[in-house]
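This report refers to the structure that appears directly beneath it.
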Amino acid sequence: MSEQTIALVTGANKGIGYEIAAGLGALGHTVGVGARSPERLAEAVEKLRAEGVDAFPVPLDVTSDESVAAAASLLGERFGRLDVLVNNAGVTGGVPQTPTTVTPEIVRTVVETNVIGVIRVTNAVLPLLRRSAAPRVVNVSSTVGSLARQSSLPGAEAVGPVSAAYAPSKTFLNAVTLQYAKELHGTGILINAACPGYCATDLNGFSGVRTPREGAAMAVRLATLPDDGPSGSFFEDAGVVPW
């Protein structure tokens with residue numbers, strides 16, 4: 001098996017995912033770039049390699065059992081293990097998302113990618129993570145999924161617009177992250193959630209106030225935690241985010 005640290009980043013062909021891949025690559029990781037579009041995947045890998053990153057393509061649709069199984073097989077055959085998994089792929093479901101007008105189809109679509117996709121990928125590569133000396137899992141979440149902040153009075157810590165699909169999907173993801181941390185406690189696998197902040201990406205029409213590179217920093221930090229680092233926690237740049 002390779003002595004290189006092997007990472008997989010889902011949704012890594014653009015935006016925050018791309019910058020997470022670039023950040024891990026800058027630290028010397030060999031990075032699997034997960035993406036659905038073959039064209040965008042090839043372009044991202046080429047660009048990362050031009051920046052000096054040891055990147056390789058991983059065709060990956062997190063909503064497809066077959067695609068995820070193929071990606072896990074590719075990693076297993078090529079490296080025999082996985083050291084870092086960053087579940088970054090996500091969708092918003094569009095706007096508006098008021099509870100009284102949102103369709104069940106939109107909610108299903110968002111949860112399929114943002115929650116079930118994370119479970120699907122994590123479970124598929126878990127045998128490979130168990131072979132790592134220092135396995136790390138990072139789920140890219142959002143503070144809009146914090147019930148504490150969503151329930152606070154307008155102004156104080158309230159975040160984001162009314163959202164019946166995207167925000168609850170991140171709450172769901174946070175809850176799932178906690179359950180993984182409980183089950184995997186004592187195995188050496190550290191799993192945490194990271195909020196990148198309000199970044200300018202095509203997910204929000206580039207309306208964010210932070211750059212994707214700034215947003216990637218916390219995920220990179222959690223992906224490289226020491227063995228005595230936290231697990232089952234939710235972080236943003238300012239520190240721990242309340243559930």
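Each value in this text was obtained by applying a stated rule to the coordinates, not by laboratory testing. For clarity, every value in this text was computed on a predicted model and none was experimentally measured. Please note: Cβ atoms are built from the backbone with ideal geometry, for glycine as well, and neighbour counts cover all protein chains shown.
Per-structure values
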read-out: Region 68-183: relative contact order as a whole-number percent, Cα under 8 Å and 6+ apart; value: 35 percent
read-out: Neighbour net charge for Pro230 - beta-carbon separation under 15 angstrom, K R +1, D E -1; value: 0
read-out: Relative contact order, percent, the chain [alpha-carbon distance under 8 Å, six or more residues apart]; value: 19 percent
read-out: Peptides ranked, highest mean first, by Cβ atoms within 10 Å: ranges 40-46, 179-185; value: 40-46, 179-185
read-out: Calculated from backbone phi, Karplus (6.51, -1.76, 1.60) coupling profile of region 140-148 in Hz, x at Gly/Pro; value: 7, 10, 7, 5, 5, x, 6, 5, 4
read-out: Taking Glu51, Glu77 and counting other C-beta atoms within 10 Å, the order from fewest to most; value: Glu77, Glu51
read-out: Helix runs (DSSP H) in the chain reaching 20 Å along axis by Cα, Kyte-Doolittle at least -1.0; value: 65-79, 166-184
read-out: Gain upon complete extension [Arg49, Thr63; 0.36 nm per residue less C-alpha separation]; value: 2.3 nm
